[in-house]
Amino acid sequence: MNNTLRILSVEDEEEQHDILKKVFSKPIFQKKIEFKVIDSFENAIDEITKNDYHIVILDIYRGKPDDNNEEGEKILETIQKERFIPIVFYSGNTKNVKHLRSQMVGVVTKAEGEGIENLKKEIERLVKSNLPFIREKIHNHLEKELKEYFWNIIHERKNIFRADEEDFSLGY
(Lines give C-alpha, C1' and ligand atoms only; values in the text may rest on other atoms or scores of the structure.)
Protein backbone atom coordinates (compact mmCIF):
# COMPACT_ATOMS: atom_id res chain seq x y z
CA MET A 1 0.00 0.00 0.00
CA ASN A 2 1.14 3.48 -0.81
CA ASN A 3 2.39 5.42 2.20
CA THR A 4 0.68 8.63 1.07
CA LEU A 5 -2.68 9.84 2.33
CA ARG A 6 -4.45 12.12 -0.16
CA ILE A 7 -6.85 14.52 1.55
CA LEU A 8 -9.12 17.11 -0.06
CA SER A 9 -10.63 19.88 2.03
CA VAL A 10 -13.67 21.78 0.80
CA GLU A 11 -13.56 24.98 2.81
CA ASP A 12 -14.60 28.49 1.81
CA GLU A 13 -12.87 30.42 4.64
CA GLU A 14 -9.33 31.56 3.85
CA GLU A 15 -8.27 31.47 7.51
CA GLN A 16 -9.28 27.81 7.78
CA HIS A 17 -7.31 27.02 4.57
CA ASP A 18 -4.14 28.24 6.23
CA ILE A 19 -4.78 26.36 9.47
CA LEU A 20 -5.56 23.07 7.70
CA LYS A 21 -2.62 23.41 5.31
CA LYS A 22 -0.29 23.92 8.27
CA VAL A 23 -1.73 20.95 10.21
CA PHE A 24 -1.50 18.60 7.23
CA SER A 25 1.84 19.84 5.89
CA LYS A 26 3.80 17.24 7.84
CA PRO A 27 3.40 13.47 7.99
CA ILE A 28 0.92 12.07 10.47
CA PHE A 29 -0.04 8.48 11.29
CA GLN A 30 3.13 7.28 9.54
CA LYS A 31 1.74 8.69 6.29
CA LYS A 32 2.97 11.44 4.03
CA ILE A 33 0.10 13.83 3.40
CA GLU A 34 -0.89 15.23 0.01
CA PHE A 35 -3.32 17.96 0.99
CA LYS A 36 -5.41 20.14 -1.31
CA VAL A 37 -7.96 22.81 -0.47
CA ILE A 38 -10.86 23.76 -2.72
CA ASP A 39 -12.68 26.93 -1.74
CA SER A 40 -15.71 26.36 -3.94
CA PHE A 41 -18.52 23.92 -3.30
CA GLU A 42 -19.33 24.13 -7.02
CA ASN A 43 -15.89 22.78 -7.97
CA ALA A 44 -15.73 20.11 -5.26
CA ILE A 45 -17.55 17.37 -7.16
CA ASP A 46 -15.54 17.99 -10.30
CA GLU A 47 -12.30 17.76 -8.29
CA ILE A 48 -13.43 14.58 -6.52
CA THR A 49 -14.42 12.81 -9.73
CA LYS A 50 -11.25 13.81 -11.61
CA ASN A 51 -8.75 13.04 -8.84
CA ASP A 52 -8.33 10.22 -6.40
CA TYR A 53 -8.58 11.17 -2.73
CA HIS A 54 -8.60 8.96 0.35
CA ILE A 55 -10.55 11.37 2.57
CA VAL A 56 -12.60 14.51 2.00
CA ILE A 57 -12.90 17.11 4.76
CA LEU A 58 -16.12 18.92 4.07
CA ASP A 59 -17.44 22.16 5.50
CA ILE A 60 -21.21 22.29 5.84
CA TYR A 61 -21.94 25.94 5.24
CA ARG A 62 -21.01 28.48 2.64
CA GLY A 63 -20.07 31.54 4.69
CA LYS A 64 -21.13 31.60 8.34
CA PRO A 65 -23.38 28.88 9.83
CA ASP A 66 -25.99 31.53 10.68
CA ASP A 67 -26.48 32.22 6.96
CA ASN A 68 -28.26 28.84 6.52
CA ASN A 69 -26.36 28.12 3.31
CA GLU A 70 -25.96 24.40 3.87
CA GLU A 71 -23.95 22.92 1.02
CA GLY A 72 -22.01 20.08 2.64
CA GLU A 73 -24.89 17.63 2.91
CA LYS A 74 -25.80 18.18 -0.76
CA ILE A 75 -22.21 17.49 -1.75
CA LEU A 76 -22.21 14.32 0.38
CA GLU A 77 -25.29 13.08 -1.50
CA THR A 78 -23.61 13.79 -4.83
CA ILE A 79 -20.38 12.09 -3.74
CA GLN A 80 -22.36 9.03 -2.67
CA LYS A 81 -23.75 8.79 -6.23
CA GLU A 82 -20.29 9.12 -7.82
CA ARG A 83 -17.84 7.06 -5.72
CA PHE A 84 -16.80 5.86 -2.30
CA ILE A 85 -14.64 8.27 -0.29
CA PRO A 86 -14.85 8.62 3.49
CA ILE A 87 -16.05 12.10 4.49
CA VAL A 88 -15.34 14.17 7.59
CA PHE A 89 -17.71 17.08 8.13
CA TYR A 90 -15.70 19.83 9.80
CA SER A 91 -17.77 22.88 10.58
CA GLY A 92 -18.54 25.48 13.22
CA ASN A 93 -22.06 24.11 13.58
CA THR A 94 -22.55 20.37 13.09
CA LYS A 95 -25.94 19.89 14.75
CA ASN A 96 -27.70 19.31 11.39
CA VAL A 97 -25.33 16.52 10.28
CA LYS A 98 -24.70 14.59 13.51
CA HIS A 99 -27.28 12.02 12.34
CA LEU A 100 -24.98 11.22 9.37
CA ARG A 101 -22.12 9.99 11.58
CA SER A 102 -21.15 6.43 10.62
CA GLN A 103 -18.11 4.28 9.90
CA MET A 104 -17.66 6.24 6.65
CA VAL A 105 -18.74 9.72 7.78
CA GLY A 106 -17.15 11.64 10.61
CA VAL A 107 -18.54 14.78 12.20
CA VAL A 108 -16.20 17.23 13.95
CA THR A 109 -17.04 20.68 15.29
CA LYS A 110 -14.56 23.51 14.76
CA ALA A 111 -14.06 24.43 18.38
CA GLU A 112 -11.39 26.77 19.68
CA GLY A 113 -8.30 24.67 20.38
CA GLU A 114 -9.84 21.19 20.35
CA GLY A 115 -11.38 21.22 16.85
CA ILE A 116 -8.12 20.48 15.02
CA GLU A 117 -7.17 17.74 17.50
CA ASN A 118 -10.59 16.12 17.09
CA LEU A 119 -10.24 16.38 13.31
CA LYS A 120 -6.86 14.62 13.46
CA LYS A 121 -8.39 11.91 15.70
CA GLU A 122 -11.24 11.39 13.24
CA ILE A 123 -8.83 11.07 10.33
CA GLU A 124 -6.72 8.68 12.38
CA ARG A 125 -9.84 6.59 13.05
CA LEU A 126 -10.51 6.37 9.33
CA VAL A 127 -6.89 5.52 8.51
CA LYS A 128 -6.84 2.77 11.15
CA SER A 129 -10.09 1.35 9.78
CA ASN A 130 -8.46 1.07 6.32
CA LEU A 131 -11.64 2.45 4.69
CA PRO A 132 -9.82 5.19 2.77
CA PHE A 133 -7.69 2.58 1.02
CA ILE A 134 -10.29 -0.07 0.12
CA ARG A 135 -11.03 1.25 -3.38
CA GLU A 136 -7.32 1.52 -4.14
CA LYS A 137 -6.63 -2.00 -2.85
CA ILE A 138 -9.52 -3.51 -4.84
CA HIS A 139 -8.42 -1.69 -7.98
CA ASN A 140 -4.81 -2.86 -7.57
CA HIS A 141 -5.95 -6.44 -6.91
CA LEU A 142 -8.23 -6.50 -9.97
CA GLU A 143 -5.50 -5.01 -12.17
CA LYS A 144 -3.03 -7.68 -11.02
CA GLU A 145 -5.53 -10.51 -11.59
CA LEU A 146 -6.52 -9.24 -15.06
CA LYS A 147 -2.88 -8.83 -16.06
CA GLU A 148 -1.98 -12.33 -14.92
CA TYR A 149 -5.04 -13.92 -16.51
CA PHE A 150 -4.75 -12.29 -19.92
CA TRP A 151 -0.96 -12.26 -20.28
CA ASN A 152 -0.02 -15.45 -18.42
CA ILE A 153 -2.95 -17.65 -19.39
CA ILE A 154 -4.66 -16.41 -22.54
CA HIS A 155 -1.65 -14.96 -24.34
CA GLU A 156 0.71 -17.77 -23.32
CA ARG A 157 -1.78 -20.33 -24.69
CA LYS A 158 -2.42 -18.49 -27.93
CA ASN A 159 -2.39 -21.78 -29.81
CA ILE A 160 -5.55 -22.78 -27.88
CA PHE A 161 -7.17 -19.34 -27.81
CA ARG A 162 -7.04 -18.26 -31.43
CA ALA A 163 -7.76 -14.76 -32.61
CA ASP A 164 -10.36 -15.68 -35.23
CA GLU A 165 -12.27 -12.91 -36.91
CA GLU A 166 -15.59 -14.15 -35.57
CA ASP A 167 -14.48 -15.14 -32.04
CA PHE A 168 -15.33 -12.40 -29.57
CA SER A 169 -15.62 -14.71 -26.54
CA LEU A 170 -12.74 -13.14 -24.55
CA GLY A 171 -14.57 -9.82 -24.55
CA TYR A 172 -17.60 -11.38 -22.93
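What percentage of the solvent-accessible surface of segment 1-148, computed with a 1.4 Å probe over protein heavy atoms, is contributed by carbon and sulfur atoms? Intermediate results must be reported in sequence, preceding the final value.
On the way: 3880 of 8230 Å².
Carbon plus sulfur share of accessible area: 47 percent.
What are the semi-axes of the equivalent ellipsoid of the chain, taken as the square roots of 5 times the eigenvalues of the Cα gyration tensor, listed largest first and rounded to whole Å?
The answer is 41, 18, 13 Å, longest axis first.
At a Cα cut-off below 21 Å, give the lysines reachable from K98, other chains included and same-chain residues fewer than 8 away excluded.
Partners within reach: K64, K74, K81, K110, K120, K121.
Could you tell me the accessible area of I138 in Å² (1.4 Å probe, neighbours in place), rounded to the nearest ten?
The accessible area comes out at roughly 90 Å².
Counting only DSSP beta bridges with both residues in the chain, tell me the antiparallel percent, nearest 5.
Restricted to the chain, the bridges split so that about 10 percent are antiparallel.
Could you list which residues have their amide H under 5 Å from that of L5, counting only those 5 or more apart in sequence or on another chain, with H placed in the peptide plane?
The list, which skips near neighbours in sequence, is K32, I33, E34.
Return one whole number: the accessible area per residue of the chain in Å², for a 1.4 Å probe. Please report the intermediate quantities before stating the final value.
Values: 10790 Å² over 172 residues.
For the chain, the solvent-accessible area averages 63 Å² per residue.
Please list, by residue number, every one of the trypsin sites (Lys or Arg not before Pro) in segment 88-164 that is coil in DSSP and has at most 15 other beta-carbon atoms within 10 Å.
Values: sites: K95, K98, R101, K110, K120, K121, R125, K128, R135, K137, K144, K147, R157, K158, R162; in loops: K95, R101, K110, R157, K158, R162.
For trypsin sites (Lys or Arg not before Pro) across segment 88-164 that sit outside H, G, I, E and B with at most 15 neighbouring Cβ atoms in 10 Å, the list reads K95, R101, R157, K158, R162.
Relative to the longest principal Cα axis of the chain, at what angle does helix 114-129 sit, 0 to 90 degrees, rounded to 10?
Helix 114-129 sits roughly 20 degrees off the main axis of the chain.
Using only protein heavy atoms and a 1.4 Å probe, report how much of D46 is accessible, in Å² to the nearest 10.
80 Å²
With only Lys, Arg, Asp and Glu charged, each at its Cβ (+1 for the first two, -1 for the last two), find how big the charge dipole of the chain is about the Cα centre; round to the nearest 20 debye. List each step's numbers first, then the result.
On the way: 28 positive and 34 negative charges, 189 e Å.
Result for the chain is approximately 900 debye, rounded to the nearest 20.
The values are calculated or read from the model by the stated rules, or taken from the named source; none is laboratory data. Values in this document were obtained by computation on a predicted structure and should not be read as measured data. Cβ: placed from backbone, ideal geometry, glycine included. Neighbour counts: every protein chain shown. Surface accessibility is based on the protein's heavy atoms, side chains included, excluding ligands, DNA and RNA. Shrake-Rupley method; radii C 1.70, N 1.55, O 1.52, S 1.80 Å.
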